[in-house]
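J.: There's a structure below that I have some questions on.
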Amino acid sequence: MSVTDLGMPAFPAAAARSTRDTRLRANLRHATHTIRDKRARAVSELDDWAQLRTAGRAIKDRTLRHLDHYLERLEEAVTAAGGRVHWAADAAEANRIVTRLVRATGEREVVKVKSMATQEIGLNEALAEAGISAYETDLAELIVQLGKDRPSHILVPAIHRNRSEIRDIFRSEMGDWGRPAPDGLSDRPAELAEAARLHLREKFLRAKVGISGANFMVAETGTLVVVESEGNGRMCLTLPETLISVVGIEKVVPTWQDLEVYLQLLPRSATAERMNPYTSMWTGTTDGDGPRTFHLVLLDNGRTDTLADTVGRQALRCIRCSACLNVCPVYERAGGHAYGSAYPGPIGAILTPQLRGTASELDASLPYASSLCGACYEVCPVAIDIPEVLVHLRERVVEGGKATRGGVRTVLKPAKGHAAERAAMRAAAFAFDRPGVLRTGQRLAARTRRLHPRRLPGPGRAWTDIRDLPPVPAESFRDWWQRTRRVERGSGQEGAK
């Protein structure tokens, strides 16, 4: 994915550092609680939310089952409307395509709409290596870029920054990127927004090339859709002469009628709004209106590998609302940077290891970045069972097994460092398959319960540093059941059924 993620430590090490940052934790706690409370109120307004959620899931599943058909239909529609479609198998190919297209215009600057796909492939860094400056125009992305930082949230990339930090970044960095911040800039939101507006206005009026992602692509008409709240997207999509959109192949929906479902689900789950202030749609090119040239880069980058996994493929339903991040107790404490990916939080913990594989220590650790509390599943507007996929990926990390990588069916080796877990799980499977062994183990544990420690030694110490081991009961449920049933029968009462 993004080159900024290379060399990241595994999640436990990164989270251990971020959880000690009291300012970060305060910023995250305030922001996530505010967003999720507003979302709950917005969702409660719809009596048919559960039905919409079911419909959103069903449409995505049907589309993924026939993804090849809808992508070909999309290409035909985009081409017929005057656009050009490019296929990118991985991040490197996508970056080469976009770099070539920008160079062909003769320009050395581009303006960008907030895009998770371009963060995923590290497009800004690739353009910079080619001598092309990419300017983020979303307010939060601008803050991240000026601060030489990394996004930490899908919806609010600068959620880890407070107002005073943003003011200091604007004061010190804006002048190096264009129009400097006004003298005496305070940390009042209105002043910060006005400083960003003046700074970006020059970029919009000068840029000849715009780069975007898309929230949805409608196969039947070749229409792309971007929803946003600030208006910067509308400027990037309409003012430049050339528009290049980099979009994951899973973002396609079959029809306009299907799109209607997601335009209800997404804004309420993401920004707690009934509809987004700006919903921009474009179909190819039109003389005298908008860009004269339109390119669509369809990005795979591990998505077809994910599609081949019958359990993990549900991650491709994601519409990037970030509701799962705002309710996740792990994300709230660790922050987004600890995930080492463009996709933080619960959805990142299941999507990143599938897109990138689990070969690195970081990617192998992500399925464990969860308490499995299930809050993420409860709020997901397309019903992705994130806990189910997390457990599935944990099994892959520990046991290895069959998986698809690079379009080839292969057998993965177990990840390093999980030998004890693998042995424990195999011992448990052996016992559960043999009732006599299980009964003997339970009775032995009950008779030696007074000798059991409250803290585990070695690697288990981290787990018991914050909790006691549960006490072993004096007898197992099986023994209790047999004993009490004998008493009832001996007294002439009917045995339990």
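The values are calculated or read from the model by the stated rules, or taken from the named source; none is laboratory data. All figures in this text were calculated on a predicted structure; none of them were measured in a lab. Every residue, glycine among them, receives a Cβ derived from its backbone with ideal geometry; neighbour counts consider all protein chains shown. Calculation scope for accessible area: heavy atoms of the full protein, side chains included, ligands and nucleic acids excluded. Shrake-Rupley method; radii C 1.70, N 1.55, O 1.52, S 1.80 Å.
J.: Please state, to two decimals, what the Cα-based radius of gyration of the stretch 349-497 comes to when divided by 2.2 N^0.38 Å (N = residues).
T.: Rg over 2.2 N^0.38 Å, computed on Cα atoms: 1.43.
J.: Could the peptides 226-239, 182-195 be put in order, highest first, of the mean number of other beta-carbon atoms found within 10 Å of their residues?
T.: Packing proxy ranking, top to bottom: 226-239, 182-195.
J.: Quick one: net charge around Ile97, please, counting Lys, Arg +1 and Asp, Glu -1 for every other residue with C-beta under 12 Å from its C-beta.
T.: Neighbour charge sum, excluding Ile97 itself: +2.
J.: Determine which residues of the stretch 361-380 fall in the zone a paramagnetic label at Ala13 would reach in this model, i.e. backbone nitrogen under 16 Å from the point 7 Å along Cα→Cβ.
T.: Counting only backbone N, you get 361-366.
J.: Just want to confirm a number: the relative contact order over the stretch 17-146, from Cα pairs under 8 angstrom separated by 6+ residues, in percent.
T.: 15 percent
J.: Pairs to check: Lys114/Lys148; Lys148/Lys402; Lys148/Lys413; Lys148/Lys203; Lys148/Lys208. Give those whose C-alpha atoms are more than 28 Å from each other in this structure.
T.: Violating the 28 Å Cα-Cα cut-off are Lys148/Lys402; Lys148/Lys413.
J.: Lone cysteines in the chain, going by a 4.7 Å Cβ-Cβ cut-off?
T.: Cys236, Cys318, Cys321, Cys328, Cys373, Cys380
J.: Can you grab the distance from the C-alpha centre of the stretch 96-133 to the C-alpha centre of the stretch 53-83, Å, no decimals?
T.: That distance is 26 Å.
J.: What dipole magnitude, in Debye to the nearest 20, does the stretch 19-98 give about its Cα centre under +1 on Lys/Arg Cβ and -1 on Asp/Glu Cβ?
T.: 660 debye
J.: Quick check: at a probe of 1.4 Å, how many percent of the accessible area of the chain sits on carbon and sulfur atoms?
T.: Carbon plus sulfur share of accessible area: 52 percent.
J.: Here's a follow-up. Would you work out the charge dipole size for the chain about its Cα centre, treating the Cβ of every Lys and Arg as +1 and the Cβ of every Asp and Glu as -1, and quote it to the nearest 20 debye?
T.: 2540 debye
J.: Taking only the C-alpha atoms, wrap a convex hull around the stretch 32-101 and report its volume per residue in Å³ as a whole number.
T.: Dividing the Cα hull volume of the stretch 32-101 by its residue count gives 187 Å³.
J.: For the stretch 263-341, what's the relative contact order in percent, using C-alpha pairs closer than 8 Å and at least 6 residues apart?
T.: 27 percent
J.: In addition: For a Förster distance of 22 Å, can you work out the FRET efficiency between the beta-carbons of Lys148 and Thr34, rounded to the nearest 0.05?
T.: 0.25
J.: Over the chain, what is the relative contact order in whole percent, taking alpha-carbon pairs under 8 Å and six or more residues apart?
T.: Dividing the mean separation by the residue count of the chain yields 19 percent.
J.: What do the square roots of 5 times the Cα gyration tensor eigenvalues come to for the stretch 296-372, in whole Å, largest first, as semi-axes of the equivalent ellipsoid?
T.: In descending order, the three semi-axes are 20, 14, 12 Å.
J.: Could you tell me what fraction of 2.2 N^0.38 Å the Cα radius of gyration of the stretch 227-353 comes to, as a two-decimal ratio?
T.: Rounded to two decimals, the normalised Rg is 1.20.
J.: Between Leu438 and Thr79, how many nm apart are label points set 7 Å from Cα along the C-beta direction?
T.: Roughly 5.8 nm, to one decimal.
J.: Let me ask another. Suppose each label sits 7 Å from its Cα in the direction of the beta carbon; what would the Trp177-Arg20 distance come out to in nanometres?
T.: Placing both labels 7 Å along Cα→Cβ, they lie 3.0 nm apart.
J.: Here is a further query. Please give the residues of the stretch 302-345, grouped as numeric ranges, whose backbone N is less than 16 Å from a label point set 7 Å along the Cα-to-Cβ vector of Thr410.
T.: Zone members listed by number: 302-309.
J.: Also, quick follow-up: What FRET efficiency would be calculated for the residue pair Arg163, Gln257, taking the C-beta separation as r and a Förster radius of 45 Å, to the nearest 0.05?
T.: Once the sixth-power term is evaluated, E becomes 0.60.
J.: Taking only protein heavy atoms into account and a 1.4 Å probe, give the accessible area per residue of the chain in Å².
T.: 48 Å²
J.: Run the reach check for Lys60 against aspartates and glutamates, Cα to Cα strictly under 16 Å, same-chain hits fewer than 8 apart removed. What comes back?
T.: Filter leaves Asp68, Glu220, Glu250, Asp258, Glu260, Asp309, Asp385.
J.: How large is the Kirkwood hydrodynamic radius of the chain, counting all unique pairs of alpha carbons, in Å?
T.: For the chain, inverting the mean 1/r across all distinct Cα pairs yields 24.9 Å.
J.: Take the Cα gyration tensor of the stretch 343-390, multiply each eigenvalue by 5, square-root it, and list the three semi-axes largest first, rounded to whole angstrom.
T.: Values for the stretch 343-390, descending: 19, 11, 8 Å.
J.: While we're looking at this one, here's another question. Would you work out the charge dipole size for the stretch 181-284 about its Cα centre, treating the Cβ of every Lys and Arg as +1 and the Cβ of every Asp and Glu as -1, and quote it to the nearest 20 debye?
T.: 180 debye
J.: Of the options Thr285, Thr223, Ile169, report the single residue whose Cα projects farthest towards the positive end of the charge dipole of the chain (beta-carbon charges: Lys, Arg +1; Asp, Glu -1).
T.: With unit charges placed on the Cβ atoms, the residue in question is Ile169.
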